[in-house]
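**Student:** This structure is in structure tokens; I'll ask about it shortly.
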């Protein structure tokens, strides 16, 4: 659909923007940013045969996963727009449940030093020897960290059943057992698939271990083991 104004969601988005202007007095540029984010979402959903008012959390996850080529800051802003929009729809009785409630974009974290170039990042990701099971595990871990911005404690605590490769998302349990869904991009997905098919079974050596990233002895990963990198 080439004309965003012709989208079925356009009237709802306009009603939401009117609400923001009337209730909060937001400026033209801010409203334009909200409008752009939500029209991109609506266009993506239209291609899937749904609207913003009928979309599920799976549909929204697919949008965020497709958005993984953008910066974490851009994805965080877009998720913020989505959340605010869906809270408005629930409050106005346009929908019964908020499909964005469990979604979380990657944390912005600290700004990387300006001296760290794209080549430096590539060198860091390429450092593990992926010809070995441990190196393949470490590469997959680095890719997931880079793509999602998880805390180290969250990364090492991930279990096999908390990763959905088809949807490109990990389910993370935070403080107070509060869960959130974090999408990752195609690069991290490719390395996870390779690691799971080629290396994890070797590391577990037949042991009943549910950890996504076990140590070389087949035990659950810890922060200390991760710090030891390929010696773990």
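**Student:** Which of the residues spanning segment 25-34 are farther than 15 Å from residue 75 by Cα and touching a residue at least 12 places away in the same chain (Cβ under 8 Å)? Break it down into steps so the answer makes sense when it comes.
**Tutor:** Here is the first cut: in segment 25-34, the ones farther than 15 Å from residue 75 by Cα are 25-32.
Scanning segment 25-34 gives a single hit, 31.
**Student:** Let me ask something else about it. Is it true that residue 123 is over 20 Å from residue 75 (Cα atoms), at pLDDT below 80 and part of a loop (DSSP other than H, G, I, E, B)?
**Tutor:** It is false that residue 123 is over 20 Å from residue 75 (Cα atoms), at pLDDT below 80 and part of a loop (DSSP other than H, G, I, E, B).
**Student:** Tell me whether segment 167-184 contains one or more residues that are more than 18 Å from residue 60 (Cβ to Cβ), under 17 Å from the mean Cα position of the chain (by Cα) and modelled with pLDDT of 90 or more. Lay out the reasoning, then the answer.
**Tutor:** Here is the first cut: in segment 167-184, the residues more than 18 Å from residue 60 (Cβ to Cβ) are 173-178.
Imposing the further condition that a residue be under 17 Å from the mean Cα position of the chain (by Cα) reduces the set to 173-174, 178.
Then keep just the ones that are modelled with pLDDT of 90 or more; that gives none.
No - not one qualifying residue is present in segment 167-184.
**Student:** Taking segment 143-166 on its own, how many of its residues are buried (at least 16 other Cβ atoms within 10 Å of the Cβ), modelled with pLDDT under 85 and out of contact with any strand residue (DSSP E or B) (no Cβ under 6 Å at 6 or more places or on another chain)? Give the derivation first.
**Tutor:** Residues of segment 143-166 buried (at least 16 other Cβ atoms within 10 Å of the Cβ): 143-150, 154-158, 162-163.
Those still in the list that are modelled with pLDDT under 85 too: 145-150.
Keeping just the survivors that are out of contact with any strand residue (DSSP E or B) (no Cβ under 6 Å at 6 or more places or on another chain) gives 145-147, 149-150.
Number of matching residues: 5.
The values are calculated or read from the model by the stated rules, or taken from the named source; none is laboratory data. What you are looking at is a predicted structure, and each value in this text was computed from that prediction instead of being measured. Please note: Cβ atoms are built from the backbone with ideal geometry, for glycine as well, and neighbour counts cover all protein chains shown.
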